[in-house]
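*Asks:* Here it is, the structure in full.
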Amino acid sequence: MHQPTLKVAHIVRQFHPGVGGLEKFVMSLVQAQRQAGVNARVISLNRLFHQHHTPSLPQNEIINGIEVKRIGYQGSYKYPIAPGVLFAIKDADIVHVHGIDFFFDYLSATRWFHHKPMVVSTHGGFFHTQFAARLKRLYFRTISRWAMRGYGRVLAISNGDFSTFRKICDPERLLLVENGVDIDKFANAAAPRLTRNLLFIGRFSDNKRLDRLLDTFAQLCQHHDGYHLDIAGRDWDHNLSRLRRQISALGLQQSVKIHIGLSDQAMIELIQHNSFITSASEYEGFGQTLVEGMAAGLIPIASDIDSFKRVVDKAGLGLTVDFSRSDGALRIHQYIEQCLAKPTSPRQKAIQAAQQFSFTQCSNTIIRVYLDLINRHDMPLNNKMLN
């Protein structure tokens, strides 16, 4: 008799064609799980945030071989209300929620109805910015603590998240499972010899602190007129117009270029002109973009937040710096000068360092979490992929 495969429904607010670290992570995780024999699919919202004049996305779609079901929502993008998720998970063996949001709360509150074993990945919680910080902390200690009881396993994606979520989660259910990264997508794409070109990749959200990045870059250009900064991503929190005004006010029109909505191929072509991956973000759950950049041969120069420090320390390469300090630009300039003195070895070291963040181990660990949770190690999976 044919044994049924493990059916996993991944719940995430935004997915392709949305662009961001979380969207990329879920895409890669689902692809890896499908290769291992898991019937993994995605449930997401039917509109992209901050794109109010575009039509709703298709309700059902196949993207890179992945079944995607989209549901409607009401309310703010900060807490989109989408009760239709209950009907979308009917045939799932496991529900895997990504992020601490409406889905996390609602699926816990309705577990008496759907009876699904559930796993949640933390992805930084909702502490990416200081907006309503006191209210967030209160919500976290009350509603989130209560909702956490509905999840059989809680996967902290970083040491920082592990420390945060251990305050509201039983230790036997909380696991540290750091994000894997797709290290093949931009592999070895960076400029063959080091340049003074820096690249930012990501959404233009408030927590990315692109304002600080531009201020520091303007000071960096005072040390050498050969620096260039590419900013690649998608508008978020209505910051694009502010960025353009700031670039003009700082006189950086010839040194900074903004790129919106690039395809992977166009991104590779952009990376080919760059040597450093940079971010002034004030909060990140992990630091996925830094690792993707390293896989391309880009050297990380990033803010000194815990998640970036861990990536840089683990890689043994790169610089973390406080972008709010007046000496930040000088430290960056001195570091780049050191790298330029040995123009090929840092690039190769970055590529080598990225290998330790490969997605395979992350995916396999999560699959084993599923099997332990439902006590079904007899499920027919691709054991070669799991080894």
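The values are calculated or read from the model by the stated rules, or taken from the named source; none is laboratory data. Bear in mind that the values here come from a model prediction, so they are computed numbers and not experimental data. Because the Cβ atoms are built from the backbone with ideal geometry, glycine has one as well, and the counts that use them run over all protein chains shown.
*Asks:* What is the residue count in the stretch 18-34 for residues that are closer than 20 Å to ARG203 by Cβ and either aromatic (Phe, Trp, Tyr) or in a helix (DSSP H, G or I) (or both)? Don't jump to the end; show me each part of the working.
*Replies:* Looking only at the stretch 18-34, we keep the residues that are closer than 20 Å to ARG203 by Cβ, and these are 18-29.
Add one more test, that the residue is either aromatic (Phe, Trp, Tyr) or in a helix (DSSP H, G or I) (or both), and what stays is 21-29.
So the count comes out to 9.
*Asks:* Out of the stretch 327-368, which residues are more than 26 Å from the chain's Cα centre (by Cα) and free of Cβ contacts under 8 Å to residues at least 40 places away in the same chain?
*Replies:* Listed by number, the residues that qualify are ASP327, ARG331, GLN334, TYR335, GLU337, GLN338, ALA341, LYS342, SER345.
*Asks:* List pairs: first residue in the stretch 45-64 and touching a residue at least 24 places away in the same chain (Cβ under 8 Å) and closer than 15 Å to GLN14 by Cβ, second residue surrounded by 11 or more Cβ atoms within 10 Å (Cβ to Cβ) and of a type in the set (Phe, Trp, Tyr) anywhere in the structure, Cβ distance under 7 angstrom, at least six positions apart or on different chains.
*Replies:* Every condition considered, the pairs that remain are LEU45/TYR73; PHE49/TYR77; HIS50/TRP236.
*Asks:* For the stretch 294-318, name all the residues that are touching a strand residue (DSSP E or B) at 6+ places or on another chain (Cβ under 6 Å), over 17 Å from GLN219 (Cα atoms) and among the hydrophobic types (A, V, I, L, M, F, W, C).
*Replies:* LEU298, ILE299, PHE308, VAL312
*Asks:* Ok, one more. Here's a check for you: in the stretch 248-278, which residue that is part of a helix (DSSP H, G or I) and of a type in the set (Val, Ile, Thr) is surrounded by the most Cβ atoms within 10 Å (Cβ to Cβ)?
*Replies:* ILE271
*Asks:* Among the numbered criteria (1) within 19 Å of the chain's Cα centre (by Cα); (2) of a type in the set (Lys, Arg); (3) at negative phi, which single criterion is violated by ARG209?
*Replies:* The one condition ARG209 does not meet is (3).
*Asks:* Could you grab me the full set of residues in the stretch 321-345 that are surrounded by fewer than 19 Cβ atoms within 10 Å (Cβ to Cβ) and closer than 25 Å to GLN356 by Cβ?
*Replies:* Within the stretch 321-345, the first condition is being surrounded by fewer than 19 Cβ atoms within 10 Å (Cβ to Cβ), and the residues that meet it are 322, 324-327, 330-331, 333-335, 337-338, 340-345.
Within the stretch 321-345, TYR335, GLN338, LYS342, PRO343, THR344, SER345 meet the criteria.
*Asks:* Something else: Taking the stretch 184-240 only, how many residues are assigned by TED's automatic domain parsing to the domain that holds ASN274, farther than 23 Å from GLY18 by Cβ, in contact with a helix residue (DSSP H, G or I) (Cβ under 7 Å, 6 or more places away or on another chain) and of a type in the set (S, T, N, Q)?
*Replies:* Summing the residues that are assigned by TED's automatic domain parsing to the domain that holds ASN274, farther than 23 Å from GLY18 by Cβ, in contact with a helix residue (DSSP H, G or I) (Cβ under 7 Å, 6 or more places away or on another chain) and of a type in the set (S, T, N, Q) in the stretch 184-240 gives 2.
*Asks:* Next up: Being assigned to a helix (DSSP H, G or I) and surrounded by fewer than 18 Cβ atoms within 10 Å (Cβ to Cβ) is the filter here; which residues of the stretch 213-228 pass it? Talk me through it step by step, then tell me what you get.
*Replies:* Step one: of the stretch 213-228, the residues assigned to a helix (DSSP H, G or I) are 213-223.
Within the stretch 213-228, GLN219, GLN222, HIS223 meet the criteria.
*Asks:* Among the residues of the stretch 78-96, which ones are surrounded by 16 or more Cβ atoms within 10 Å (Cβ to Cβ) and without any contact (Cβ under 8 Å) to a residue 60 or more places away in the chain?
*Replies:* Across the stretch 78-96, the qualifying residue is only ALA82.
*Asks:* Taking the stretch 291-319 as the search range and keeping residues that are buried (at least 20 other Cβ atoms within 10 Å of the Cβ) and of a type in the set (Val, Ile, Thr), which one is farthest from PHE276 (Cα to Cα)?
*Replies:* If we take residues in the stretch 291-319 being buried (at least 20 other Cβ atoms within 10 Å of the Cβ) and of a type in the set (Val, Ile, Thr), then VAL311 is farthest from PHE276 (Cα to Cα).
*Asks:* I would also like to ask the following. Tell me, please, whether a residue that is under 23 Å from TRP236 (Cβ atoms), in contact with an Asp or Glu (Cβ under 7 Å, 6 or more places away or on another chain) and either in contact (Cβ under 8 Å) with a residue 60 or more places away in the chain or not in a loop (DSSP other than H, G, I, E, B) (or both) can be found in the stretch 305-318.
*Replies:* yes
*Asks:* Residues to consider are HIS123, HIS96; find the one that is at pLDDT below 95, under 30 Å from THR5 (Cβ atoms), in the same structural domain as CYS362 (by TED's automatic domain parsing) and of a type outside the set (Phe, Trp, Tyr). Please lay out each step first, then the result.
*Replies:* On the way: HIS96 fails: at pLDDT below 95.
After ruling out the rest, the residue left standing is HIS123.
*Asks:* How many of the residues in the stretch 326-337 are farther than 10 Å from GLN219 by Cα and at pLDDT below 95?
*Replies:* Selection size over the stretch 326-337: 0.
*Asks:* Go through (1) assigned to a loop (DSSP other than H, G, I, E, B); (2) touching a Gly at 6+ places or on another chain (Cβ under 7 Å); (3) crowded, with 21+ Cβ neighbours inside 10 Å one by one and return the number of the condition SER281 breaks.
*Replies:* Unmet for SER281, out of (1) assigned to a loop (DSSP other than H, G, I, E, B); (2) touching a Gly at 6+ places or on another chain (Cβ under 7 Å); (3) crowded, with 21+ Cβ neighbours inside 10 Å: (2).
*Asks:* Sort through GLY285, GLY293 and tell me the only one that's of a type in the set (Gly, Ala, Ser), modelled with pLDDT under 95 and within 30 Å of LEU176 (Cα to Cα).
*Replies:* Result: GLY285 is the single residue among GLY285, GLY293 that is of a type in the set (Gly, Ala, Ser), modelled with pLDDT under 95 and within 30 Å of LEU176 (Cα to Cα).
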